[in-house]
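The block underneath contains the structure these notes are about, expressed in structure tokens.
The values are calculated or read from the model by the stated rules, or taken from the named source; none is laboratory data. In this text, all values refer to a predicted model and were calculated from it rather than measured experimentally. Backbone-built Cβ (ideal geometry, glycine too); neighbour counts: all protein chains shown. These area figures cover heavy atoms from the full protein model, side chains too; ligands, DNA and RNA do not enter into them. Shrake-Rupley method; radii C 1.70, N 1.55, O 1.52, S 1.80 Å.
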Amino acid sequence: MGALATALWVCAALLSACISDGDEATDAGVTHPPEAGEPIRLDVLVYNVEYGGDESTDAVIRSIDADIVGVLESYNRLPETAENAGYPYHNVSLQLLSKYPIHEPSGAEGRYAFIEVRPGYVVAFFNIHLDYVRFGPRLLRKGASVEEVIASENEVRTSALDSPLLLMGDLIQRGYPVFFTGDHNEPSSLDYTEATVGSRPGIEEPVPWPVSEALLQVGFRDTYREIHSDPLEAPGITHPGTGERIDYLYAAGPSETLESELVGEEGGPDVDIGFEEWTSDHRAVVSTLDATPVTMPIMVSVDRALLTRGDPLTVSYNAPAPDGSVTIVPEEGAGSPELSEPLMGDGGGLDVDTSDLAPGGHQAVLLDADGSEVARVAFWVRDPDAEIRVSTDRSTYGVGEAIMVSWTDGPANRWDWIGVYRAPKSDPKVDSYLIWNYTGLHGSGTVPPSTSGSVDMGGNAQGRPWPLLPGRYVVHYLILDRYISAGSATFRVTG
């Protein structure tokens, strides 16, 4: 991710050496793998609701009534969706709705959740939105070779999965049921085969699309293709605008796919569950699975790793013994504990009043009876009154020199972006940007949301022209893939 620097991510990364990975807790140095529980039937939905969604997309989610929903593009409207659709649990940073408790656990790095589908038993869940730029099928239609397109896909999309794939592969290897929902903005190699060549515009030869190849190789199953194995009979297009299937529910580990259905507009091609009012530009997929959850690892978790001061926070734990405590300490570990509560058994949780916590980074630490650390997890508390500060590393640049844009106290949304405008035509609501980048670059849909960071707006920026010509410019921090500025700074380019 290069230039991206997030307070939450740095906190998690610095702690990675001492955070328990879950089932690596030991007695006398012996590792205990998770134990299988009773199977449970789960309906899982993946749904891109488009730019926050509205009451109509909420109604779809309520009607489908899945157990777990990987939502894309709901942004900060997710709490409203959860209330309207009747879900008791939600997580904004991971964009999840659930009928069961959501845990961001030790070792997850803010990238996945454990869903506690039975008391003490969990499944692992990832939900990721990959970048849309340099869309592969469009490049193919413009004459790019398969090799060129795959290289582009690896740079823009597959690379964003490097860290998640390591976590996914580890969980799968250790025996967890793992689910992965997402809008991947890339077709599947299961759809671009010898048999499908010529079946619809754009498929002129087989293409081993690398995101799907990476997921299949690590052990995932494409649940829609498990049930609808012939892409000629059931293309299952989820994005009518591009004519491609780009929204997926993958499963790995101890689970069996029983059914998978396309959800969309009434009468749409391959649509199994139709709605008269369909407002999203994506169709959804709902799959039914028999999954075997496994025992919750030894861990401490938060129900959300990023919150605003005053928001409710639940810290949960699964301890090796009932004697011990949960302590909350500042990020740097200095000073007295901000909270310390004895365990109420070897599993449970406590509600934390975050209005008593200072804005910034914190760690929830699980301690045993001797006060030794068992596990810890990082979380970040935002100041509700903070105002974003946007700056550049210099006020003046020569033609072709990279511009480093930094921010602090940002709103910490995935898909926030940095846009550069020529002054005085710099009103994002009416004027056009020149160059831009997401705050998390191509990995914005995979990295934990950031309250602070920086982006190199050099030759790797999207848009044009580059290099910027001599003149005055305004750089805006823009919110949620839209043209709403949260803050700005000015700079000049000289000849």
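Would you please name the residue that is surrounded by the fewest Cβ atoms within 10 Å (Cβ to Cβ), looking only at residues in segment 140-171 that are assigned to a loop (DSSP other than H, G, I, E, B) and either at negative phi or touching a residue at least 60 places away in the same chain (Cβ under 8 Å) (or both)?
Looking at the filtered set, the residue picked out is K142.
Residues are listed down the side, and each one gets a yes or a no for (1) open to solvent by 20 Å² or more (accessible area, probe 1.4 Å); (2) assigned to a loop (DSSP other than H, G, I, E, B); (3) of a type in the set (S, T, Y):
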position: F180; (1), (2), (3): no, no, no
position: E186; (1), (2), (3): no, yes, no
position: E194; (1), (2), (3): yes, yes, no
position: P208; (1), (2), (3): yes, yes, no
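State all residues of segment 212-233 that are closer than 25 Å to L42 by Cβ, without any contact (Cβ under 8 Å) to a residue 24 or more places away in the chain and of a type outside the set (G, A, S); if no residue qualifies, say none.
Q217, the sole residue that qualifies.
For segment 234-260, enumerate the residues that are surrounded by fewer than 23 Cβ atoms within 10 Å (Cβ to Cβ), free of Cβ contacts under 8 Å to residues at least 60 places away in the same chain and within 22 Å of the chain's Cα centre (by Cα).
H239
Select from segment 322-365 the residues that are polar (S, T, N, Q) and open to solvent by 30 Å² or more (accessible area, probe 1.4 Å) and write down the one among them that is nearest to the chain's Cα centre (by Cα).
S355
From (1) open to solvent by 10 Å² or more (accessible area, probe 1.4 Å); (2) hydroxyl-bearing (S, T, Y); (3) within 30 Å of R200 (Cα to Cα), pick out the condition that doesn't hold for T223.
Condition (1) is where T223 drops out.
When you go through V286, V300, V263 one by one, which is the residue that is in contact (Cβ under 8 Å) with a residue 60 or more places away in the chain, in contact with a helix residue (DSSP H, G or I) (Cβ under 6 Å, 6 or more places away or on another chain) and not in a loop (DSSP other than H, G, I, E, B)?
V286
Find the residue count for segment 399-410, including only residues that are assigned to a loop (DSSP other than H, G, I, E, B), surrounded by fewer than 20 Cβ atoms within 10 Å (Cβ to Cβ) and not hydrophobic (A, V, I, L, M, F, W, C).
3
Only one of (1) open to solvent by less than 30 Å² (accessible area, probe 1.4 Å); (2) of a type in the set (G, A, S); (3) under 29 Å from G253 (Cα atoms); (4) in contact (Cβ under 8 Å) with a residue 40 or more places away in the chain fails for G136. Which number is that?
Condition not satisfied by G136: (3).
The conditions are (1) under 15 Å from G264 (Cβ atoms); (2) within 16 Å of the chain's Cα centre (by Cα), and S74 fails exactly one of them. Which is it?
Among (1) under 15 Å from G264 (Cβ atoms); (2) within 16 Å of the chain's Cα centre (by Cα), S74 violates only (1).
Taking the criterion of being surrounded by 17 or more Cβ atoms within 10 Å (Cβ to Cβ), modelled with pLDDT under 95 and in contact with a helix residue (DSSP H, G or I) (Cβ under 8 Å, 6 or more places away or on another chain), would at least one residue in segment 415-436 satisfy it?
Yes; the residues of segment 415-436 include at least one that is surrounded by 17 or more Cβ atoms within 10 Å (Cβ to Cβ), modelled with pLDDT under 95 and in contact with a helix residue (DSSP H, G or I) (Cβ under 8 Å, 6 or more places away or on another chain).
Determine which member of the set G453, G487, G458, G443 is under 21 Å from T158 (Cα atoms) and of a type in the set (G, A, S).
Matching residue, one of G453, G487, G458, G443: G443.
Return the residues of segment 402-432 that are in contact (Cβ under 8 Å) with a residue 24 or more places away in the chain and charged (D, E, K, R); say none if nothing qualifies.
D409, R414, D416, R422, K429
Let me spell it out: the conditions are (1) hydroxyl-bearing (S, T, Y); (2) touching an Asp or Glu at 6+ places or on another chain (Cβ under 8 Å); (3) over 18 Å from I68 (Cα atoms), and Y100 meets all of them except one. Which number is the exception?
Here Y100 clears every test but (3).
What is the residue count in segment 366-395 for residues that are outside any strand (DSSP E or B) and within 24 Å of the chain's Cα centre (by Cα)?
Residues in segment 366-395 being outside any strand (DSSP E or B) and within 24 Å of the chain's Cα centre (by Cα): 3 in total.
Of everything in segment 441-477, what is open to solvent by less than 20 Å² (accessible area, probe 1.4 Å), hydroxyl-bearing (S, T, Y) and in contact with a helix residue (DSSP H, G or I) (Cβ under 9 Å, 6 or more places away or on another chain)? Give them in sequence order.
The answer is S444, T446, S450, T451.
Show me the strands (runs of 3 or more DSSP E) found entirely inside segment 446-495 where at least 1 residues are of a type in the set (A, V, I, L, M), within 30 Å of F125 (Cα to Cα) and touching a Pro at 6+ places or on another chain (Cβ under 7 Å).
By residue number, 471-478.
Quick one: I484 ticks every box in (1) β-branched (V, I, T); (2) more than 23 Å from Y51 (Cβ to Cβ); (3) exposed (fewer than 15 other Cβ atoms within 10 Å of the Cβ) except a single one, so which number is it?
So the condition that I484 fails would be (2).
Tell me which residues, restricted to segment 115-137, are over 14 Å from the mean Cα position of the chain (by Cα) and within 15 Å of V294 (Cβ to Cβ).
Correct list: I115, E116, V117, R118, P119, G120, Y121, V122, V123.
Can you tell me how many residues within segment 249-280 are touching a strand residue (DSSP E or B) at 6+ places or on another chain (Cβ under 7 Å) and more than 19 Å from A113 (Cα to Cα)?
21
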